[in-house]
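Q: Let me give you the structure first, and then I'll get to my questions.
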Ligand SMILES: C[S@@+](CC[C@H](N)C(=O)[O-])C[C@H]1O[C@@H](n2cnc3c(N)ncnc32)[C@H](O)[C@@H]1O
């Protein structure tokens, strides 16, 4: 599969993404639940077709996991994708998937996205280097409080334009308030039902449905100025 398929239909993309291997042993503390092919295809197809934010664009995928969003982004024409994850095991599965899918424009970086939000040296090197950021961050369980917001802050640093992310609908007000305080424009594009099957130990039921918001954040002149000031 050497070529990008910018005009690929959502269903075709979803069918290809069925072949992306998931986590071997998902880690509860890292909230390793993969984006389903259906949700990944809906997200990426919207990013590409409604907003033209993938074809020919450089993309960062924060918390890349096994790579479903990174692979889909390249399939829809991204010129370059950087996938970042804290977990060596996830990155190893991701590297295998990239090989299977013959993805040539995706690099992987092992890093803690939370630290990246605060590490000014690396942040300034990567600041604004990506047109588009896509991610399905940890929701922020009791062990991980605030990680969803840290992912957003890092994503906004890396992106010169738009960021697309998934968040529990129950946190909508909190996320929209944060966005307002950073001076970025935020839109909830869709409310999706995320079906977590029983892969993570703490889920007692066979499967759990969670309502998630698919959100788009876009920089404004104001937010870009604020970032420059923070790093100077
Ligand atoms: C909900 S999973 C999403 C995985 C993948 N992007 C997908 O869509 O299937 C969250 C990912 O974030 C990673 N992660 C958790 N904490 C992290 C951190 N502090 N820094 C970087 N990655 C982290 C996990 O290892 C996991 O791969």
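Q: Scanning the range 89-102 for residues that are free of Cβ contacts under 8 Å to residues at least 40 places away in the same chain and either on the phi > 0 side of the Ramachandran plot or touching a helix residue (DSSP H, G or I) at 6+ places or on another chain (Cβ under 9 Å) (or both), which turns out surrounded by the most Cβ atoms within 10 Å (Cβ to Cβ)?
A: Here the answer is 94.
Q: Across the range 64-88, which residue is farthest from the ligand (Cβ to nearest atom) among those that are at positive phi and buried (at least 24 other Cβ atoms within 10 Å of the Cβ)?
A: Checked the range 64-88; the qualifying residue farthest from the ligand (Cβ to nearest atom) is 67.
Q: Kindly evaluate residue 156 against the criterion of being closer than 25 Å to residue 78 by Cβ, part of a helix (DSSP H, G or I), in contact with a helix residue (DSSP H, G or I) (Cβ under 7 Å, 6 or more places away or on another chain) and at pLDDT 95 or above.
A: Numbers: closer than 25 Å to residue 78 by Cβ: yes; part of a helix (DSSP H, G or I): yes; in contact with a helix residue (DSSP H, G or I) (Cβ under 7 Å, 6 or more places away or on another chain): yes; at pLDDT 95 or above: yes.
Considered against the rule, which asks whether it is closer than 25 Å to residue 78 by Cβ, part of a helix (DSSP H, G or I), in contact with a helix residue (DSSP H, G or I) (Cβ under 7 Å, 6 or more places away or on another chain) and at pLDDT 95 or above, residue 156 comes out as yes.
Q: Let me ask you something else. Of the residues 54, 122, only one is assigned to a helix (DSSP H, G or I) and either more than 9 Å from the ligand (Cβ to nearest atom) or closer than 22 Å to residue 162 by Cβ (or both); which?
A: On inspection, the qualifying residue turns out to be 122.
Q: Let me ask another. From 60, 73, 78, 48, which residue is within 30 Å of residue 224 (Cβ to Cβ), modelled with pLDDT of 95 or more and assigned to a loop (DSSP other than H, G, I, E, B)? Give the derivation first.
A: On the way: 60 fails: assigned to a loop (DSSP other than H, G, I, E, B); 73 fails: assigned to a loop (DSSP other than H, G, I, E, B); 48 fails: assigned to a loop (DSSP other than H, G, I, E, B).
From the options 60, 73, 78, 48, the qualifying one is 78.
Q: Being within 12 Å of the ligand (Cβ to nearest atom), closer than 20 Å to residue 72 by Cα and assigned to a helix (DSSP H, G or I) is true for just one of 91, 109. Which residue is that?
A: Checking each option against the conditions leaves just 91.
Q: Being farther than 19 Å from residue 111 by Cβ and near the ligand (Cβ under 10 Å from one of its atoms) is the filter; apply it to the range 125-182 and report the residue that is surrounded by the most Cβ atoms within 10 Å (Cβ to Cβ).
A: It comes out as 166.
Q: Listed residues 40, 48; which is over 18 Å from residue 89 (Cβ atoms), surrounded by 18 or more Cβ atoms within 10 Å (Cβ to Cβ) and near the ligand (Cβ under 8 Å from one of its atoms)? Don't jump to the end; show me each part of the working.
A: Numbers: 48 fails: near the ligand (Cβ under 8 Å from one of its atoms).
Going through 40, 48 in turn, the sole match is 40.
The values are calculated or read from the model by the stated rules, or taken from the named source; none is laboratory data. Note that the structure is a prediction, hence the values are computed from the model and not measured. Quick reminder, even Gly has a Cβ in these numbers, built from the backbone with ideal geometry, and neighbours come from all protein chains shown.
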